[in-house]
Amino acid sequence: MLSPPIVTTVRELQARADGERAAGRRIALVPTMGALHAGHMSLVKAAREHADRVWMSIFVNPTQFNDAKDFDAYPVDLARDLALAAEHGVDLVFNPEARELYPEGAKTWVDVEGLTDALCGASRPGHFRGVTTVVSKLLLAARPHVAVFGEKDFQQCAVIRRMVADLGFGVEIIGAPTVREPDGLALSSRNVHLGPEARAQALALVRGLDAAEAAVARGERGRDALLARVEAEIGRAPLAEIDYAELRDPDSLEPAPAQLAGPALLALAVEFRPGPGGQGKRVRLIDNRVLAPAG
Ligand code: PAF
């Protein structure tokens, strides 16, 4: 089977990182939880533009799942992931056991305040604490010059940028644009769980984003009016339940003013129930767009 070299221990990864750095080579890290798709491959491509070595971590991080069922159901296919990583020129895969990153008796967490209170932080308590803790561990293990994350997880990018600045990690965080299916659905490892009806209705997210963007282009600036349009669009999908639809400042993630005066992040999280015949699972999808009122 085609596979990049696999490293499973922090110690070996650090030694390799020191070797690359001593030889003057730049390292880019692409952290993933596996279940790779074209979105991850776009992160690899972006990473390649910034470094001589592209390393990928594949680790389903237990501490960022606030629902144990979600963790158990997370799709895992390492052989397929390794083949895809090799095909896309990944130079090394870090694939540790949970015990390697969370040793017996581990008591240390990294927590970013404020930015994690709203949006996914509000609906998934503890999620970002798990993300920032594991990303810290991955950065300390791989010692990369840059790390690449998908902008579909806009809040995650903002939180990680804050953490890296606050703790002086000395790594550049690159956000890569969301990759979409031809019909507009943002790629996600969770999409495989959508039954056929929910898959069709999942386009409600991108339709909601499009509707808001079109309204802004026509001159609408009212926050509540824009959100009402988005909610109406999503409301046309009977299997959809809105978790949040919010307009926020793209940097601070504070709520946007009642009248938009500058760029605003439209962030959506929507749960889709299985279809009436029970096809598929309950799936929570997120998507976002920065709306930029002209002038
Ligand atoms: O975005 C993800 O896949 C995860 O949150 C990350 C950054 C790999 C941390 O586990």
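Residue under question is VAL110, and the condition is that it be over 16 Å from LEU253 (Cβ atoms), assigned to a loop (DSSP other than H, G, I, E, B) and away from the ligand (no atom under 11 Å from the Cβ); does it hold? Give the steps one after another, and end with the answer.
Details: over 16 Å from LEU253 (Cβ atoms): yes; assigned to a loop (DSSP other than H, G, I, E, B): yes; away from the ligand (no atom under 11 Å from the Cβ): yes.
It is true that VAL110 is over 16 Å from LEU253 (Cβ atoms), assigned to a loop (DSSP other than H, G, I, E, B) and away from the ligand (no atom under 11 Å from the Cβ).
Can you tell which of ASP287, ASP251 is of a type outside the set (Lys, Arg), within 18 Å of the chain's Cα centre (by Cα) and closer than 21 Å to ASP67 by Cβ?
ASP287
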### Task
Please enumerate the residues belonging to segment 178-224 that are among the aliphatic types (A, V, I, L, M), within 30 Å of HIS50 (Cα to Cα) and assigned to a strand (DSSP E or B).
ALA186
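Mind checking which residues of segment 146-177 are aromatic (Phe, Trp, Tyr) and outside any helix (DSSP H, G or I)? First the steps, then the outcome.
So the first thing to find is which residues in segment 146-177 are aromatic (Phe, Trp, Tyr), and the list is 149, 154, 169.
Scanning segment 146-177 gives PHE149, PHE169.
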### Task
Scan ARG273, ARG223, ARG236 and give me the residue that is basic (Lys, Arg) and surrounded by fewer than 14 Cβ atoms within 10 Å (Cβ to Cβ).
ARG236
### Task
State yes or no: is LEU36 surrounded by 19 or more Cβ atoms within 10 Å (Cβ to Cβ), out of contact with any strand residue (DSSP E or B) (no Cβ under 6 Å at 6 or more places or on another chain) and more than 16 Å from HIS145 (Cα to Cα)?
yes
### Query
Looking at segment 1-33, which of its residues are surrounded by 13 or more Cβ atoms within 10 Å (Cβ to Cβ), in contact (Cβ under 8 Å) with a residue 60 or more places away in the chain and part of a helix (DSSP H, G or I)?
VAL10, LEU13, GLN14, ARG16, ALA17, ARG21
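Each reported figure results from applying straightforward, stated rules to the coordinates on display, with no laboratory input. Predicted model, so just to flag it, every value in this text is computed and none were measured. Because the Cβ atoms are built from the backbone with ideal geometry, glycine has one as well, and the counts that use them run over all protein chains shown.
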